[in-house]
1. Which residues, counting only those in region B:48-69, are farther than 21 Å from B:Asn88 by Cβ and either open to solvent by 10 Å² or more (accessible area, probe 1.4 Å) or not assigned by TED's automatic domain parsing to the domain that holds B:Gly151 (or both)?
2. Need a quick list: helices (runs of 4 or more DSSP H) entirely within region A:269-364 having at least 2 residues that are in contact (Cβ under 8 Å) with a residue 24 or more places away in the chain.
3. Tell me which residues, restricted to region B:207-225, are without any contact (Cβ under 8 Å) to a residue 60 or more places away in the chain and either surrounded by fewer than 16 Cβ atoms within 10 Å (Cβ to Cβ) or among the polar types (S, T, N, Q) (or both).
4. Among what's in region A:262-302 and is within 15 Å of A:Thr251 (Cβ to Cβ) and among the aromatic types (Phe, Trp, Tyr), pick the residue that is farthest from the other protein chains (Cβ to nearest Cβ).
5. Among the numbered criteria (1) surrounded by fewer than 21 Cβ atoms within 10 Å (Cβ to Cβ); (2) farther than 29 Å from A:Asn132 by Cα, which single criterion is violated by A:Val198?
6. Taking the conditions exactly as written (open to solvent by 50 Å² or more (accessible area, probe 1.4 Å), of a type outside the set (S, T, N, Q) and under 20 Å from the mean Cα position of the chain (by Cα)), does A:Arg399 satisfy them or not?
7. Could you list, in sequence order, all residues of region B:345-368 that are away from chain A (no Cβ under 14 Å) and open to solvent by 60 Å² or more (accessible area, probe 1.4 Å)?
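The values are calculated or read from the model by the stated rules, or taken from the named source; none is laboratory data. All values reported here derive from a predicted model rather than from experimental measurement. Reconstructed Cβ throughout: ideal geometry from the backbone, glycine too, with neighbour counts over all protein chains shown. Ligands, DNA and RNA are stripped out before the accessible areas are found, and what is left, the full protein with its side chains, is counted by its heavy atoms. Shrake-Rupley method; radii C 1.70, N 1.55, O 1.52, S 1.80 Å.
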Amino acid sequence: MTEIWGERTIGFLIFWGIWLLIPLLVDVSTCLVYLINFLINRNKKEVEKPELTFFPFVTLVIPVHNSADTLRKCLKSIVNQTYPAENIQIICVNNGSEDNSFEVFNRFQNAHPEMSIAWNSLERAGKSIALNAGLYSGAGTYMMNVDADTWLDQHAIMNVVKAFENDPTLAAATGSIRVDKELGEGTSFLDLINYCEVIEYILAFDVGRRYQDLKDAVFTLSGAFSMFRRDIILQSFLYQTRTVSEDTDLTFNIRKAIESSGGRIGFVADALAYVEPIESMDRLYSQRLRWQRGEIEVTGAYYSDTPNIFRALFDFVGRILISDHTLAFIRMAWTFLLPFLYLLGYPMGVIILAFIGMYVCYLMLETISFYTAYKGSEPDYQKKMRRIWWIVFFMPLYRFIVYWFRVAGMVAVLTEEKSWKVQNPITQVKDILFDDYVDFVVGIQKMQRRGKNEQ
Amino acid sequence: MKLKIKQQNYLLLGIVLAILIIWLWPPASIMVPDCELDGNFGDWRGRSGIDDMTGDGRSGVDFKRVDWALNVNDPRLYFKIERYRPKNPETPLECRMFIDINGNGRYTDKIDKFADIVYQPRNQLRGDVSVQLYNMSGKVVGKYSGAWGDGIQQGGRRFEFALSTEELQVLPAQPLHLYISDVSGRFDNMPDSSDIQWSPFPLVHKSKAAISILTIFWLLSTAFLYRHRIWALHYVWGSVGLCFILILLIHASAVEYALESGTSLILHYVLGYCGILTYIFDQSPGTMLVLIRFDQSWTTISVDIENSGLIEMSIIFCLIVFYPVYRGLNKIWAGLLGVLGVYLINLVRLSVVIILIHEFGRNMNYIAHTVFGRLVFFVLIVALYWRLITRPSLHRTGRKIEGD
């Protein structure tokens with residue numbers, strides 16, 4: 001009988017589970033391609049770029065919006081750069097801060113008279129407008145944007161300039177973003193989410209972007225830390241407010257502009273920047289919803305003629321959309337329908353076993369992901385990563401949660417006006433039910449009072 | 001829930017309509033009446049079965065035909081065996097049905113079973129049937145008996161019986177192989193060569209009351225999410241909930257039977273046109289016999305819940321109807337286009353499966369069904385989803401942004 005159960009479970013898993021397994025296979029194959037590419041090209045990367053004999057002027061634009069808590073750390077990381085301080089211009093562009101960001105800036109400016117650091121203030125909030133204002137007023141040969149909650153590795157600017165100086169075709173590039181989280185210290189739910197973020201970022205940047213760089217298929221110049229040649233960025237439409245992903249929009253814009261000139265958008269792997277781990281599930285929800293929404297908005301605007309499936313398959317953007325959007329709908333329905341098949345006559349045991357099998361498949365993917373991220377890290381960081389090897393067991397759940405946040409983004413892009421801050425639907429329902437409950441209790445109390453008065 | 005009067009009226013109308021649809025939904029029995037073990041064989045007319053040639057067994061054990069069937073909400077496999085009219089209608093028939101439970105072509109595995117069947121025409125009107133089901137170590141695992149056969153008056157030819165899937169240890173959609181022989185095994189086998197392959201999937205239909213309650217709850221909660229503009233949950237809850245309800249309603253109903261009959265009929269004609277011989281039955285919706293090219297034997301494939309495309313059609317319809325890229329009546333048209341698309345894709349998938357079985361034999365069944373057919377299906381479905389969901393989303397979003 002065991003044989004029958006095994007055979008039926010495998011049959012069920014392959015037959016019905018295919019709707020969930022194929023999206024998994026897409027992820028696995030992407031991860032494997034990244035890994036193989038990384039292992040093949042690892043040695044090439046290590047070829048030292050020639051030292052700079054001339055240090056061009058660089059401008060760093062930092063949009064500031066209620067960033068008092070992180071701005072100092074960001075500015076400090078710029079002061080500590082190995083790149084000569086006299087060749088760095090910092091422009092902080094305040095866009096509607098209501099906290100004491102300016103005081104933080106002011107103290108810092110007084111403490112570092114050797115730095116060229118300016119404060120521009122805009123009346124209204126808006127990251128895109130702030131970035132554009134900074135880019136217009138910058139004087140650097142290379143323009144960089146750094147988020148106020150991001151801090152740079154001490155060699156970051158030097159490595160960026162080296163990359164641009166040694167590659168005249170490089171028009172714009174993104175740095176490697178890491179999540180600054182101490183690994184293995186905590187085990188709260190949020191800590192686990194943060195560890196998954198760490199792995200996810202390493203995979204996306206140190207491995208994924210490296211591959212995209214080779215294929216000239218960088219999808220997004222990260223808003224946290226990106227750099228441009230001055231002439232290129234000023235000839236583009238700059239950061240636009242039409243989508244919630246102004247960084248992806250700009251990336252597509254630049255790619256279109258430099259297509260004919262043979263320029264390219266790249267990735268500077270040794271230009272490291274660090275961001276704070278996500279502070280709450282609400283923030284994670286609004287971040288992922290925004291990313292997904294931005295992806296559809298930008299690609300929607302990018303295609304003047306939306307391609308059919310065959311054209312989409314031969315276009316890297318189309319392939320990303322098939323994986324992120326088309327398969328997501330199939331996956332959504334089947335996540336619920338697989339257990340539902342019990343009601344149609346399948347034995348519950350087979351369904352439970354199939355789900356266990358599915359978890360094992362996802363575990364395999366996460367193990368490959370973790371291993372790929374591990375190989376993509378420096379030896380020092382690998383030691384830290386070894387402390388959280390067990391996170392692979394949690395990563396399928398993280399992937400699952402993030403998937404649902406993305407689904408919300410797919411719906412929001414068609415139903416909601418764009419906004420950076422959104423309330424998650426569970427909280428919305430809770431709030432409404434709570435309001436209804438309060439109305440109900442107040443109604444009952446009124447009736448009781450009326451009853452007493454009548455007595 | 002704070003709804004405006006107009007919205008309340010729509011909701012009420014929706015509930016009334018839904019309940020009416022559920023209670024008036026045509027049951028499977030209007031297309032195919034259930035088989036009953038009663039010694040009457042009218043309910044076997046048009047059922048799936050295989051004929052056996054005449055004169056290859058001695059009188060009394062010369063098999064003519066075996067039929068098989070399933071009932072709704074009944075976990076038993078029904079069989080009808082018929083022999084050529086014996087010289088003496090009182091002649092008893094002792095035969096044995098061998099069942100290869102794990103479908104590997106061997107009949108001697110531990111899990112395999114055999115049933116000893118004795119049919120004895122008792123009087124003018126009725127014949128007794130007794131069946132003992134054994135496992136391979138010779139232990140009886142099930143006993144069934146009743147007046148389920150022809151009497152002497154009808155020539156002592158036919159009898160029916162049913163075996164429990166639980167005692168057989170059969171799970172839904174598990175491919176079985178079986179054949180019948182006279183008890184000595186020397187005279188006649190049915191079929192004469194090879195065996196019958198069958199993947200029974202007992203039809204389970206939920207009660208209308210349960211579906212009604214589920215529907216009312218789903219309608220109220222979806223209206224709540226709509227009223228409060230909680231769009232992400234509205235979409236997921238609305239589309240998945242409607243899909244559950246649709247599948248529960250359609251499964252094991254006349255609509256599923258009609259769908260399966262229609263599918264097998266189209267395949268029969270289209271493949272026949274291409275020179276691939278199939279056989280279909282009036283009263284066994286979706287059951288097809290496919291002729292295997294190299295040994296000219298028949299094997300069965302079932303267009304059932306697993307490959308009728310019913311679930312996939314319901315899914316695409318619901319995903320589109322609730323998808324905010326479509327507005328008004330376009331939702332319905334696009335949903336129906338999706339259903340038609342899945343139906344056609346499913347025909348392609350089934351054709352691939354049948355062609356593979358026709359060319360490479362019954363051993364190909366599992367791989368053709370689970371792997372090749374499924375892959376073809378998946379790829380084409382992704383293309384359809386791209387066309388009906390992703391592409392319009394990009395188009396509308398892009399147009400909106402350009403408009404901004």
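1. Within region B:48-69, B:Ile50, B:Asp51, B:Met53 qualify.
2. Fully inside region A:269-364 and qualifying: A:281-302, A:316-321, A:327-340.
3. Passing the criteria: B:Ser207, B:Ala209, B:Ala210, B:Ile213, B:Phe217, B:Ser221, B:Thr222.
4. So, considering only residues that are within 15 Å of A:Thr251 (Cβ to Cβ) and among the aromatic types (Phe, Trp, Tyr), the one farthest from the other protein chains (Cβ to nearest Cβ) is A:Phe267.
5. Against the list (1) surrounded by fewer than 21 Cβ atoms within 10 Å (Cβ to Cβ); (2) farther than 29 Å from A:Asn132 by Cα, A:Val198 comes up short only on (1).
6. Yes: the conditions hold for A:Arg399.
7. Within region B:345-368, B:Val348, B:Ile355, B:Glu359, B:Phe360, B:Asn363 qualify.
Per-residue answers, yes or no, for (1) more than 10 Å from chain A (Cβ to nearest Cβ); (2) out of contact with any Cys (no Cβ under 7 Å at 6 or more places or on another chain); (3) assigned to a helix (DSSP H, G or I); (4) open to solvent by 20 Å² or more (accessible area, probe 1.4 Å):
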| site | (1), (2), (3), (4) |
| --- | --- |
| B:Arg327 | yes, yes, no, yes |
| B:Ala334 | yes, yes, yes, no |
| B:Thr370 | no, yes, yes, no |
| B:Ser393 | no, yes, yes, no |
